[in-house]
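Chemist: Sending over a structure as structure tokens; questions will come in a sec.
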Amino acid sequence: MGATRNVLLIFLAAAILTSAASAQTLVHTYPPSLFATILSALGFRDLSNVTANANLSLTAPSTVFAPTDSSLLTCPSCSLPLLLQEHSLPGLYSFHFLRNLAFGTKIETFARNRCLTITASPIINPSDAVSTPKIFVNGVEITKPDLFNNGLVIVHGIQGFMSHLSPTSCTIEKMTTLAYPDPPPPTAEFLVMRSMLKEAMAELRVRGFSLVALAMRVKYPELADLKSMTLFAIDDGSIFAGGGGHAYVTDLMFHIVPNRILKGSHLMSLPLDTVIPTMERGQELVVTTAGGGGPLSPMRINYMKIKSLDLVSNKRIVVHALSNPLPHVHRRTAVREEEATCDEHQSGLCEESGGTKRPTVQIEDPFGL
């Protein structure tokens, strides 16, 4: 019954919009209420509630890349009216048209000086006439192409990690991968890591870590350059319930140990105060509670408990589950107060309260710094 009602609403809105366009001498804009009705009927209820505040100039055919309500949850600090402007284009861009655009094409949106970048995944088997490349809008996949198209408005459904567009999003003369659309052929090492990344992301989605998988998708170009990695992840429920989940998604690189596979057995063997480098330059993790203490004293990294070891593991990637996002901890404060006080100028030695000193173990920096 609900589905039938939604279909009727869509056709009603389409009919009114079409008739409004035909009477060009009388009507020059599409009422925001009708635009909201279309989005609501298609299931984009959060966006439909802000159409009036988005101030979209629907005086001509338009295309909207509509994020799902769940995708909008990945950016709780985002302004929904601005996000709708940034994902709306003047003109009609059907999925077939988007597929034929050059890789990295930038299209200006209704938001001033903000552009969306259109990219496509390569076709694995060019001889297969049925295979279709996936189209991405700023790295977010179009999962429901041409969801609505009445010749005046096109709506594509997208799903992924959302964020506002950069003020330099319309500038192509930046040193980014989009400035060089013809990179050299990938090496065998790159192909293996890329395959392992896809495998890990698929398994994370199945295990309830879909937002972590989406964040990895956004950082895919940087992660694909690694030889291996260790990731500390939190599940979707903790991201939404804890309140600090968005901080984890934006701070993903701080939760990744590059070019190192630290499996559970290795991790548990690390002594207290071991320093572990991350992909966020200048930021490190510290073992604040060593393993081996049993269930009453689980291992902790930066004071956060590791809930599950080796959640996902393949040839190049291992993922451990955390209870909460890792806070940034200064190395001097990571030493337990009841046992030691550290002085960074003592050549890496920590002086305990009894006057003895113990060395601070440091895992080799994978960047060679």
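Chemist: Within the stretch 278-369, considering only strands (runs of 3 or more DSSP E) that don't extend past its boundaries, which have at least 1 residues that are out of contact with any His (no Cβ under 8 Å at 6 or more places or on another chain) and at pLDDT below 50? Step through it out loud before you land on a result.
Modeler: Values: elements: 284-289, 304-313, 317-322, 340-342, 349-352, 357-359.
Fully inside the stretch 278-369 and qualifying: 340-342, 349-352, 357-359.
Chemist: With the condition kept exactly as written, say whether any residue in the stretch 157-168 is at pLDDT below 85 and open to solvent by 50 Å² or more (accessible area, probe 1.4 Å).
Modeler: The answer is no, given that none of the residues of the stretch 157-168 is at pLDDT below 85 and open to solvent by 50 Å² or more (accessible area, probe 1.4 Å).
Chemist: I'm checking my understanding of the structure. Among residues of the stretch 76-103 that are among the polar types (S, T, N, Q), under 23 Å from the mean Cα position of the chain (by Cα) and loosely packed, with under 15 Cβ neighbours inside 10 Å, which one is modelled with the highest pLDDT?
Modeler: Ser79
Chemist: If you check Arg316 against the conditions, is it surrounded by 15 or more Cβ atoms within 10 Å (Cβ to Cβ), in contact with a helix residue (DSSP H, G or I) (Cβ under 9 Å, 6 or more places away or on another chain) and basic (Lys, Arg)?
Modeler: yes
Chemist: Suppose the filter is without any contact (Cβ under 8 Å) to a residue 24 or more places away in the chain and surrounded by 15 or more Cβ atoms within 10 Å (Cβ to Cβ); does Met279 pass it?
Modeler: No: the conditions fail for Met279.
Chemist: May I ask you to list pairs of residues, at least six apart or on different chains, whose Cβ atoms are under 8 Å apart, with the first in the stretch 75-87 being within 14 Å of Ser48 (Cβ to Cβ) and the second being of a type in the set (Phe, Trp, Tyr)?
Modeler: His87/Phe65
Chemist: Next up: Mind listing whichever residues of the stretch 42-68 are within 19 Å of Lys144 (Cα to Cα) and open to solvent by 40 Å² or more (accessible area, probe 1.4 Å)?
Modeler: Arg45, Asp46
The values are calculated or read from the model by the stated rules, or taken from the named source; none is laboratory data. Predicted model only: the values in this text are computed from it and were never measured. Note: ideal-geometry Cβ built from the backbone for every residue, glycine included; neighbour counts use all protein chains shown. Side chains are part of the model used for accessible areas, which takes the heavy atoms of the whole protein and leaves out ligands, DNA and RNA. Shrake-Rupley method; radii C 1.70, N 1.55, O 1.52, S 1.80 Å.
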